[in-house]
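Here is the structure we will look at, set down as structure tokens.
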Protein chains: 2
Amino acid sequence: MKSLITTLLILCTVSIQLSAQTEDEQMLRKIFDEALTNSKCYSNLRSLCKDVGPRLSGSEGADKAVVWGEKVLRDIADTVWLQDVMVPHWVRGEKETCALITEDETIPLAISALGSSIGTGEAGITAEVVEVFSLDQIEKLGEENLKGKIVFFNRPMEARLINTFDAYSGCVDQRSSGARTAAPFGALAVLVRSMNLRDDNLPHTGVQRYGDDTKKIPAVAISTNGAKQLSRSLRNDPNLKVYINLSCKNNPDKLSYNVVADIIGSDYPDEIILVSGHLDSWDLGEGAHDDGAGTVHSIEVLSLMRQLDIRPKHTIRCVLYMNEENGPNGAKKYAAESKEKGWKHAAALESDRGGFSPRGFSFDGAGDINKKLLKYVEQWEELFAPYGVHQFDIGFGGVDIGLLKDQNVPLIGFVPDSQRYFDFHHAKNDVFEAVNKRELELGAATITSLIYLLDKYGVKIEAN
Amino acid sequence: MKSLITTLLILCTVSIQLSAQTEDEQMLRKIFDEALTNSKCYSNLRSLCKDVGPRLSGSEGADKAVVWGEKVLRDIADTVWLQDVMVPHWVRGEKETCALITEDETIPLAISALGSSIGTGEAGITAEVVEVFSLDQIEKLGEENLKGKIVFFNRPMEARLINTFDAYSGCVDQRSSGARTAAPFGALAVLVRSMNLRDDNLPHTGVQRYGDDTKKIPAVAISTNGAKQLSRSLRNDPNLKVYINLSCKNNPDKLSYNVVADIIGSDYPDEIILVSGHLDSWDLGEGAHDDGAGTVHSIEVLSLMRQLDIRPKHTIRCVLYMNEENGPNGAKKYAAESKEKGWKHAAALESDRGGFSPRGFSFDGAGDINKKLLKYVEQWEELFAPYGVHQFDIGFGGVDIGLLKDQNVPLIGFVPDSQRYFDFHHAKNDVFEAVNKRELELGAATITSLIYLLDKYGVKIEAN
């Protein structure tokens with residue numbers, strides 16, 4: 001008798017497990033079907049790119065983006081509110097010229113000032129150039145070699161790295177810290193090779209930061225073709241000069257907003273599962289991949305839930321962060337308010353790696369949260385396989401959600417295929433047309449599927 | 001003592017296995033490194049697209065492509081030869097116009113004749129339109145509804161299918177068999193919705209085949225936007241007319257060539273491992289993804305082996321097939337000569353799904369060869385994982401190598417990400433600029449890696 005009961009119990013358990021599996025399979029299929037046939041993410045992206053356009057923090061575009069995000073989310077979420085954020089207000093200005101000057105000729109070079117760079121003054125800067133490949137070289141060269149010169153950082157991204165974000169990480173110190181490293185040795189300006197794996201004529205901007213006590217000198221990005229040309233020319237003529245003229249400047253900080261929208265959870269309204277992208281973008285393109293894609297992905301999670309009548313147990317919160325690019329003040333503000341008010345985040349996901357074909361997720365968190373989270377999500381690997389979603393790894397979550405790490409929030413980065421990302425990143429070709437509709441929709445479905453599973457089964461992960 | 005010997009033997013075996021694993025890991029790393037830093041596949045593709053250009057069988061472009069392929073391969077392979085192939089010689093001609101005519105207005109529609117379509121004659125065809133969604137509908141509608149009409153096949157590709165080739169397979173009968181199905185019922189011409197998952201204005205051409213005994217009627221592709229517009233207009237005005245004027249025609253067959261190049265194997269010179277793409281393309285674009293990518297992938301396998309000083313045991317043969325698009329006469333000729341001469345193919349691989357980020361391989365073959373081949377290759381799955389290559393499935397090998405199936409050749413299709421393929425397929429935007437350098441290079445490295453492993457460990461797979 002006992003053995004019969006045991007057998008029945010086992011059969012029952014197996015059958016419940018099987019039916020849960022089938023149910024989940026069916027729900028993921030529904031999510032993908034809906035995303036590929038009725039999703040609004042592509043038209044939302046068109047609207048964000050074309051109606052709003054570039055939206056650097058402090059700009060009119062950023063103000064419009066906040067209005068846009070609030071309006072789109074009001075049609076979907078239970079509640080939408082704006083969270084005040086003070087943001088930098090850097091403006092590029094009208095003038096942005098650069099030329100390579102040899103004895104024989106003057107050749108224009110395509111550049112873009114880096115975010116927070118000061119201008120050159122009306123007269124511009126004309127000086128000889130010292131080519132370097134790392135920050136370390138600066139100290140070795142010292143004032144005797146650098147004083148009165150323009151320092152040209154020319155270390156390329158490492159093409160052999162399969163994950164292009166690793167190649168970016170290995171290079172970006174030149175951009176973020178080049179000026180503050182070279183300034184103390186009397187350099188007049190820095191020119192930084194664009195973070196781009198292609199050879200083309202597009203300068204890629206991005207943030208750079210001055211030290212608190214170091215002199216501020218102009219900092220600009222030069223295209224990869226421009227960098228190669230300058231490097232070649234320097235070999236022929238080490239005394240050539242470069243002329244830079246920039247009218248960019250830093251205005252006083254401005255008030256802006258994170259846009260926060262919730263679908264309130266039925267069972268655990270106070271436990272938040274957060275999905276996010278950032279609303280701000282650089283000013284050169286339309287911020288389509290960076291981070292229009294993450295913005296519309298995050299909106300789409302709520303939207304698909306509504307369309308499929310998924311009523312979440314936890315509160316599903318979409319945060320469109322302001323000022324990721326040259327902040328992240330929006331993320332700081334959100335994390336501070338979360339800490340102050342004791343908001344409980346069951347998990348936080350960020351999409352900020354473009355709108356490409358989905359590959360998987362990377363898991364992050366304080367202590368061993370990343371490992372526990374990975375292990376937990378791996379149980380669903382087979383559910384994702386039919387959609388080509390196969391990468392489940394420990395790794396970076398995202399800049400914005402990263403600030404929730406010390407609140408022990410399990411963090412998830414959405415990982416699309418990385419090969420094309422840096423073709424567009426922070427450059428003027430990061431426009432709506434660079435995003436493929438299906439790839440974007442598959443990303444939205446992938447993220448929604450994981451959020452669905454996390455909500456259904458809960459996330460009870462705590463740091464050791 | 002015996003147990004000591006056993007232990008030693010086990011240790012020895014384990015250590016040999018480990019070192020083979022490490023050796024293979026290192027070799028794949030070298031292949032990927034070389035492909036990402038010194039590969040010629042991207043510049044070869046530029047040359048094929050820009051110096052040669054479109055290369056439909058029978059065209060001057062196709063003749064130039066043969067010369068191009070032979071020249072490129074002469075610098076790499078031990079032997080290069082041309083295999084005679086008689087190919088169709090269809091020409092689009094100058095005139096290709098279409099208009100939607102209502103009582104109020106005449107609206108031009110973007111069309112492209114389908115390959116092998118006859119022209120309309122000078123006066124063109126003006127007739128009412130019957131919209132259908134499947135071949136089955138034709139017989140049901142019958143002569144009373146179709147006689148004197150233009151049949152408009154408007155079944156869209158199924159967006160819900162994750163593999164876009166499945167969506168293509170589910171639709172392409174309209175294009176390949178629309179005309180021969182509708183002609184017996186008195187239809188004057190067929191208009192076929194382009195095989196494209198996007199909404200845009202580009203007609204996508206492709207092959208269509210007349211029946212041996214059926215009347216030939218003109219057959220054209222209409223863009224997806226055009227198809228939607230026509231469908232809408234028909235709802236408002238079922239009696240609207242469409243005007244089509246085409247000057248395309250079929251000329252007598254012409255002599256052309258497959259280009260065949262070998263690196264002779266050191267141990268098994270008579271056992272061939274074949275890699276292939278097709279050299280011909282449609283005439284509208286530059287055939288960059290279809291199949292410039294497969295062409296340069298296949299060349300690159302030999303090239304990377306040379307650059308890395310890999311001396312294969314088997315003969316590695318690169319075949320650039322002629323006339324895949326409206327044939328496949330090149331493949332037929334190659335298979336026939338193989339059968340006649342008893343060539344032994346250890347395996348054959350085809351790359352004809354574009355130059356996108358690699359995902360994996362599909363395995364094909366007579367009887368249970370596909371399953372055995374899959375099982376054999378799966379032992380190397382972990383070697384491919386660091387490169388994002390994760391799909392190893394039973395599936396279609398390729399049109400050209402498919403003709404070797406009845407010679408019991410194990411067949412392998414290279415599988416890149418499929419999401420963007422039909423944005424470009426057979427349309428004028430299939431140009432060099434649509435291919436990403438890194439994605440192309442990663443594909444070349446992925447294929448080369450598998451060919452390397454197959455050569456090193458051999459392929460002893462036979463049909464049951």
Tell me yes or no: at least one residue of segment A:365-379 is at positive phi and buried (at least 21 other Cβ atoms within 10 Å of the Cβ).
yes
Selection count where residues are of a type outside the set (A, V, I, L, M, F, W, C) and more than 10 Å from every other protein chain (Cβ to nearest Cβ), scope segment A:417-445:
8
Can you tell which of A:Asp24, A:Asp51, A:Asp63 is outside any loop (DSSP other than H, G, I, E, B), free of Cβ contacts under 8 Å to residues at least 40 places away in the same chain, under 30 Å from A:Gly294 (Cβ atoms) and not assigned by TED's automatic domain parsing to the domain that holds A:Leu234?
A:Asp51
Among what's in segment B:398-441 and is within 15 Å of the chain's Cα centre (by Cα) and aromatic (Phe, Trp, Tyr), pick the residue that is surrounded by the most Cβ atoms within 10 Å (Cβ to Cβ).
B:Phe414
Pull up segment A:163-194, narrow it to residues that are in contact (Cβ under 8 Å) with a residue 24 or more places away in the chain and within 14 Å of chain B (Cβ to nearest Cβ), then point me to the one that is surrounded by the most Cβ atoms within 10 Å (Cβ to Cβ).
A:Thr164
Based on this model, can you work out whether A:Lys95 counts as within 24 Å of the chain's Cα centre (by Cα) and of a type in the set (D, E, K, R)?
no
Does segment A:294-309 include one or more residues that are more than 29 Å from A:Asn408 (Cβ to Cβ), free of Cβ contacts under 8 Å to residues at least 40 places away in the same chain and of a type in the set (D, E, K, R)?
yes
With a cut-off of at least 3 residues that are farther than 30 Å from A:Asn326 by Cβ, name the helices (runs of 4 or more DSSP H) lying wholly within segment A:352-464.
A:369-378, A:381-384, A:437-457
If you scan segment A:128-148, which residues turn out to be outside any helix (DSSP H, G or I) and either among the basic types (Lys, Arg) or outside the structural domain of A:Asp173 (by TED's automatic domain parsing) (or both)?
A:Lys147
Meets criteria (within 14 Å of chain A (Cβ to nearest Cβ), on the phi < 0 side of the Ramachandran plot, surrounded by fewer than 19 Cβ atoms within 10 Å (Cβ to Cβ) and not charged (D, E, K, R)) for B:Ala385:
yes
Could you please give the count of residues in segment A:134-161 that are within 29 Å of the chain's Cα centre (by Cα) and not aliphatic (A, V, I, L, M)?
9
Taking segment A:16-74 and keeping only residues that are β-branched (Val, Ile, Thr) and in contact with a helix residue (DSSP H, G or I) (Cβ under 7 Å, 6 or more places away or on another chain), one is left with A:Ile31, A:Val52, A:Val72
Within segment B:37-92, count every residue that is among the charged types (D, E, K, R), over 30 Å from B:Asp309 (Cβ atoms) and surrounded by fewer than 18 Cβ atoms within 10 Å (Cβ to Cβ).
5
Over segment B:306-321, the set of residues within 18 Å of B:Leu440 (Cβ to Cβ) and in contact with a strand residue (DSSP E or B) (Cβ under 7 Å, 6 or more places away or on another chain) is B:Cys318, B:Leu320
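Can you work out which of the residues in segment B:146-161 that are touching a residue at least 40 places away in the same chain (Cβ under 8 Å) and among the aliphatic types (A, V, I, L, M) is nearest to the other protein chains (Cβ to nearest Cβ)?
B:Met157
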Of (1) in a strand (DSSP E or B); (2) of a type in the set (Val, Ile, Thr); (3) in contact with a Lys or Arg (Cβ under 9 Å, 6 or more places away or on another chain), B:Thr97 satisfies every one except (3)
Here is a list: A:Thr102, A:Thr97. Which entry is touching a Pro at 6+ places or on another chain (Cβ under 9 Å), surrounded by fewer than 22 Cβ atoms within 10 Å (Cβ to Cβ) and hydroxyl-bearing (Ser, Thr, Tyr)?
A:Thr97
Looking at (1) in contact with a helix residue (DSSP H, G or I) (Cβ under 7 Å, 6 or more places away or on another chain); (2) within 14 Å of chain B (Cβ to nearest Cβ), which is the only condition A:Glu350 fails?
(2)
Segment B:25-45, subset over 17 Å from B:Leu320 (Cα atoms) and charged (D, E, K, R), residue nearest to the other protein chains (Cβ to nearest Cβ)
B:Asp33
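The values are calculated or read from the model by the stated rules, or taken from the named source; none is laboratory data. In this text the structure is predicted, and so the values were computed from the model without any measurement. In this analysis, Cβ positions are derived from the backbone assuming ideal geometry, glycine residues included, and neighbour counts consider all displayed protein chains.
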